[in-house]
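The values are calculated or read from the model by the stated rules, or taken from the named source; none is laboratory data. Because the structure is predicted, anything quoted here is derived from the model rather than measured. Using ideal geometry, Cβ is built from the backbone for each residue, glycine included, and neighbour counts are taken over all protein chains shown. Side chains included, ligands, DNA and RNA excluded: accessible areas come from the protein's heavy atoms. Shrake-Rupley method; radii C 1.70, N 1.55, O 1.52, S 1.80 Å.
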Amino acid sequence: MSASSLFENVPILAAISRSEKETIRPEDMNCTSIDRARSTFRCPHREESWISSMYANSMIRMYQGTDHDLFTQCIGLQIPMNSSSPEDCWPRFIILASWPTSGSTLIRKLLQTITIPMEIALHEYEEKDRLLYVPMTPEKEGIGNYSLDIFGNVQRPVALPLLGRALIFKSHTGSETDDTTRKEKANQIRQARRMGRLHGIIRLARNPGDHILRNSFRWGNPTCYQMGDPCFFEKAGSFCEDTVDQARHYKAFHDFWDAFNDDLPQIIAHQEHFASLVHASETVREILNFVNTLVPEMDYLQFITSPRVDDMLSRIKEPEYEHGTLLTRICGKETSRLVHSITGDVSAKLGYRFDHESATWTSETSETH
C-alpha cells in the first residue's frame, strides 16, 4: 500500500481526492533562513546537510497525497507547537504509561519493528519511515508541549508526526511519590484531553512481585542491570526491606491510571505476554487494533506480516526464571504475602492472581491469551 492511499480517507484531508491542488514537491521542504532560526517542521535540523536531505525525502514520501496547502502550512510551524497551531496539524497523542521497569523499551522496539512500512522505506539507510511514531526517548515537557524532546533523537531522518497521525510516547506520569504532584499531573492530563490532544492510554503491567523487586534492584545496582545476571540472585536480597514502600508506589501508580478509565480509552499490555515468544505477536496485534480505534483512518494491522513478525520476535530474549516467583525466591513467602496485602486490589484489576500457599503471582489470561 502506498503512502498516498493510506491517507485518502483521512477526514481532515477528505477533499484531497476531489481536489486538483498540487502534490507535494521537493522544493516545499527547502529550508529558509527563517526556518532554521525558528526550527520549524520543515527544518528541525540545524546542522549536517545530509541528514536534512534525508529528513526532507522522508517527509515527502510520508505525506505525499495530502493537501498541498495544509501540508505546507503545517511544516512551517515552529517546534514546539502551541495552542494557536491549527487543529488539523496536530497528531493524536497516546500515552504509553509505565511504572519504571515495566518493559517499555522492549514494547517500543516491538512496535517500531512491526510498523516499518517496507513499501515506502528508505532501504539504503538504517532509519526508515514509520507510520506509527514511537520515540525511544521519553518526553521531557509533558503532553501539553509538542517539542523536539518527544521525538527522541530528531537528528535521525524520520518523518515527524503531523496531520492526525498517532504518536505513542512513554511516560512515567503517576509514579510521583507525593500526592500534590500526582494531582497536578492528573489535571494536566484532563486538560490535554479537553483540548483534544490526548486520545488514549496504553498502560504497561507487570506482576507485583517481579516488578517491585526488579525496580528496587535496578536503581541500586547500575552495574548489575538484568534480572537474569548471576549477580542479581547474589545481591537482590539486600533490597527486600524496600519492597513495602515500593509496593505502595506500585499501587499508587495503577490507582492513578484507574481513575481515568471513564475519561480515556485505555488498554493494558502485560509484560509477561509481550516478553514471550508465544504471546508477543498477539499482544502487539491488540495494541495496534487499539490504536486503530483511536486513529480509524489508518490501518496499522496491515503491518503484521510473517517476515516482520519474525524480525520482531528476534528482539525478544525470554527470561530464564518463572514469572511471578522472584520475590518469594529472593525474599521469602512472608514478604510476598505482605506485598500482596498492599497491591492485591490493583493487581487483580490488572489480571493477576496471587496464590497464598506458594506466594507467587500468575496472569489470569496467560492460558487463553
What's the number of the condition Ile189 fails, among (1) buried (at least 18 other Cβ atoms within 10 Å of the Cβ); (2) at pLDDT 90 or above; (3) β-branched (Val, Ile, Thr)? (2)
Members of the stretch 335-355 that are buried (at least 18 other Cβ atoms within 10 Å of the Cβ) and assigned to a helix (DSSP H, G or I): Thr335, Ser336, Val339, His340, Ile342, Thr343, Val346, Ser347, Leu350
Checked pairs for the stretch 302-315, first among the small types (Gly, Ala, Ser), second assigned to a helix (DSSP H, G or I), C-beta under 9 Å and 6 or more apart or across chains, list as Ser314/Thr113
State yes or no: is Ala236 small (Gly, Ala, Ser), within 18 Å of Ala205 (Cα to Cα) and open to solvent by less than 50 Å² (accessible area, probe 1.4 Å)? no
If you go through Leu264, Leu294, Leu288, Leu301, the only one that is at pLDDT below 95 and touching a Pro at 6+ places or on another chain (Cβ under 7 Å) is Leu294
When residues of the stretch 40-84 are limited to those that are at pLDDT below 80 and among the hydroxyl-bearing types (Ser, Thr, Tyr), the one surrounded by the most Cβ atoms within 10 Å (Cβ to Cβ): Tyr55
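So, in the stretch 85-141, how many residues would count as being more than 15 Å from Leu162 (Cα to Cα) and either at pLDDT 50 or above or among the charged types (D, E, K, R) (or both)?
Residues flagged as more than 15 Å from Leu162 (Cα to Cα) and either at pLDDT 50 or above or among the charged types (D, E, K, R) (or both) within the stretch 85-141 amount to 30.
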Give the stretch 253-265 a look and list any residue that's part of a helix (DSSP H, G or I) and open to solvent by 10 Å² or more (accessible area, probe 1.4 Å), or say none. Asp255, Phe256, Asp258
All but one of (1) among the hydrophobic types (A, V, I, L, M, F, W, C); (2) out of contact with any Cys (no Cβ under 7 Å at 6 or more places or on another chain); (3) open to solvent by 10 Å² or more (accessible area, probe 1.4 Å) hold for Phe93; which doesn't? (3)
